[in-house]
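Okay, structure first, notes after.
Computed from the coordinates by the stated procedures, all read-outs in this text should not be read as laboratory data. If you're wondering where the values come from, they're calculated on a predicted model, not measured in any experiment. Note that we place each Cβ from the backbone using ideal geometry, even for glycine, and neighbour counts take in every protein chain shown.
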Amino acid sequence: MTSQLEIVINATKKLESLLTLLGAEGRGLQEKCDSVAYLLPPEIVGSVKYLARNRNKLLHEDGFELSDLGAFQYQASSAIAYLEKVTTYNQEVEEPVRKGITVTIPDKVIHHVPIEELEWFSAQAPLFSDPAEKPKS
């Protein structure tokens, strides 16, 4: 049977590596989470901080044991699944063919713009005229 310590260490190591793939910086799990918190939903940030607190207590406080290992594993698996989905998606996206005006999108897209917003934006009149277009006289 796997001990609490092994479960906690394996889960938090996986989380740290996934956060690093997202561009996280810092010395520990909480610092890494804080550095990319703006990219993540609040639930994931909360889960990672909960996991980091419990890992630190388990490692540094004598006699500490997790009161609910199942809750820890649930939080860990949810956060890992989300981060794996996000990091895998970004690695599989191909560079789009560019035509006309180019909009550069950050390397790490977390939330996509709803199609309704894009349709509204494309339906608006252009702010600037096309320089190749001859002025009407």
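Among 74-84, 48-58, the peptide with the highest mean count of other Cβ atoms within 10 Å heads the list, and the full ranking is 48-58, 74-84. Relative protection proxy for 59-66, 32-39, from highest mean packing down: 32-39, 59-66 (other beta-carbon atoms within 10 angstrom).
Assuming charge only on the beta carbon of Lys and Arg (+1) and of Asp and Glu (-1), the dipole of the range 4-92 about its Cα centre is about 100 debye to the nearest 20.
Legend: calculated FRET efficiency, Glu119 to Leu69, from the Cβ-Cβ distance at R0 = 41 Å, rounded to 0.05, equals 0.30. Binning the C-alpha pair distances of the range 4-92 at 5 Å intervals from 0 yields a P(r) profile of 2, 15, 28, 26, 16, 9, 3, 1, 0 %, listed from the shortest bin outward.
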